[in-house]
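The values are calculated or read from the model by the stated rules, or taken from the named source; none is laboratory data. Keep in mind it's a predicted model, so treat the numbers as computed, not measured. With ideal geometry, Cβ positions are generated from the backbone for all residues, glycine too; neighbour counts draw on all protein chains shown. SASA here: full protein model, heavy atoms, side chains in, ligands and nucleic acids out. Shrake-Rupley method; radii C 1.70, N 1.55, O 1.52, S 1.80 Å.
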Amino acid sequence: MRELQPGTARALLWAVATLLVVQRFFGTLTTAGGDVITAAAMTAVQAVMAVVLLGWRGPGALAVQAVLGFAPFVLFGAGWAPALWALAACALVVLPARRAWPVAVAVTVSAGVVGHALGATVWMAVWSMAVVVDLGLSIYGLASLTATVDRLAAAREELASAAVAAERARARRELTGRLAADLRALGFLIRQATPYGLARAAELARTTLARVRATAAAQTGVSAGVQAGMRAGREAGAPAGGPGSADGGGEPATVVSSRRWARGIEVTVLAGFSLVTAMNIAVYGAAGWTATLLGWAAVLAVLVLQLLPATPLRTAAQVVIVLTPGPWAVPWLVGLVPFPVSRMMRNLRSWLPAVAVTVAGGVLMGVRTGRSAEGLYVLLACAGLSLALFGLARLAELTARLEEVRRGLAEAALERERDRLARDLHDTLGLALSAIALRGELADTPERARAEAPALAELAEGALRDVGHIPDDAVGWSLREEVAAARGILRAAGIEVEVRMPGVDVPGEVGPAMATVLREAVTNVLRHSAARRCLIVVEEGDAQLRLLVRNDGAPPASPAGDGGSGLAGLAVRTSGRLSVRREPDGGFELEARFAREPA
């Protein structure tokens with residue numbers, strides 16, 4: 001089934017409200033002895049109530065609705081009682097959950113009490129309350145459907161942010177633990193400025209670098225702690241008792257966070273429609289108790305079939321029970337036409353048969369009763385209630401969909417954050433640790449150890465400082481500083497370096513990204529080649545900047561990194577504007593292009 005759009009959900013709500021108001025005109029016409037003026041006046045007031053209900057959510061809406069709901073009793077008497085459905089729906093739509101339901105219950109009870117006080121029988125008073133429940137919950141459910149569709153559209157900004165924050169907190173704890181301790185130990189060994197200390201530092205740097213690569217490769221899946229936090233957040237946001245916030249009073253009642261609650265609304269409306277139909281059969285439609293009991297049995301059968309999972313056979317059985325002649329075929333049984341029709345509407349190819357069944361119900365009612373007004377009443381009622389039941393079924397489905405989408409988006413955000421953490425971890429520490437390991441091993445005399453110690457200590461301190469910024473995505477390097485560092489590290493490794501960067505103006509947003517790519521490229525030169533010469537070029541064009549790193553001594557296999565780091569990570573950072581080229585003489589060239597103004 002296609003995804004329901006916000007505009008479609010609102011149109012469905014207005015269509016149902018309009019049909020309910022119009023069908024009440026024909027319903028009132030049949031009970032008011034054909035008094036068109038009275039029926040038109042009652043319908044006009046209900047139309048105003050519907051407009052207030054759907055178009056005004058301000059603090060005064062409920063007060064205006066209460067006046068429109070109770071004042072007409074003076075003019076119309078007990079026959080006005082079913083019209084309080086609009087007031088009940090307004091309470092559910094406008095008020096916070098903690099107050100909405102008690103007020104809606106009070107309005108429903110008042111419809112029966114006031115109607116009975118004004119002359120309605122107990123039977124009709126109960127019938128009026130059932131109508132208030134059915135129509136009020138139908139509008140409330142469709143308003144909830146609209147709110148749920150809106151929340152589904154906005155879900156991309158919700159739990160994902162919380163999940164990312166939790167992952168950053170976890171990464172911060174890990175990075176400030178063992179890894180930070182290793183970097184501090186590196187600094188301590190380097191500051192000894194002895195061949196033994198630098199040799200130990202080189203060994204520790206290689207061990208730490210291996211751990212960094214293993215950590216980058218292991219950043220998959222959702223940790224148990226984050227999963228528990230996500231579960232706790234979902235449970236806190238969807239209390240078992242019903243909709244709204246955890247305390248039941250902060251959010252409007254239209255915030256339906258539980259599929260069970262949405263399904264409960266649908267089942268209540270189905271049961272209410274069945275009750276109203278059964279009462280209509282008893283009062284208006286059956287000749288004798290035998291026919292009444294058969295009609296009630298048919299109502300129960302249609303309801304049970306509706307509560308079971310939908311199948312074409314069950315829907316066809318409902319149509320047969322409701323429309324075909326038989327000992328149970330009492331006039332008002334066609335009031336249950338919305339049950340099978342709402343199921344047929346879930347498939348676009350079945351809309352034409354659904355319309356045909358709805359029209360057949362109205363025509364059959366007019367034929368059985370001999371009154372066209374009742375036929376029109378049933379036709380409009382069936383159309384409106386079919387749309388309402390269709391919307392309520394979609395509410396339960398979309399509520400479950402909302403939960404799935406939120407969970408999926410949160411997990412996807414976690415994966416993206418883990419990829420970023422792994423990429424930043426590799427980019428931040430790879431070059432520094434490789435340089436420390438290489439230069440530490442070369443410092444095999446006291447003189448060389450004393451000469452190398454300051455630069456290596458600065459590398460270790462810089463790596464420790466950068467590690468603290470990784471969880472917050474705040475790592476950033478200066479391109480010029482990175483070029484200078486690359487020149488020094490490569491020369492220390494015995495590689496002849498040529499840098500071409502003639503007065504290039506690098507924007508602040510692009511510089512850190514270019515510095516990151518350069519750092520990874522130099523790391524690859526040290527790790528994957530026996531280079532003797534390396535060329536670094538930074539130049540600008542009309543709308544983009546170009547970084548080129550070329551070296552000799554490359555091995556036969558291409559030095560591709562693993563997922564989330566290496567060349568794959570650079571491709572992410574350059575949005576795919578990365579190319580590598582291998583030359584027959586052992587040369588290797590990496591080129592990255594950057595837009596001057598990042599999108």
Counting only protein heavy atoms with a 1.4 Å probe and every protein chain in place, the carbon and sulfur fraction of the accessible surface of the range 481-521 in whole percent equals 45
Under the 7 Å Cα-to-Cβ spin-label approximation, Arg450 and Ala11 lie apart by a distance in nanometres of 8.5
Taking 0.36 nm per residue of separation between Ala297 and Thr207 and subtracting their Cα-Cα distance, the length gained on full extension comes to 24.6 nm
Taking 389-395, 111-117 and ranking on average Cβ neighbours within 10 Å, highest first, one gets 389-395, 111-117
Taking protein heavy atoms only, a 1.4 Å probe, and rounding to whole percent, the accessible area of the range 1-133 owed to carbon and sulfur comes out at 74
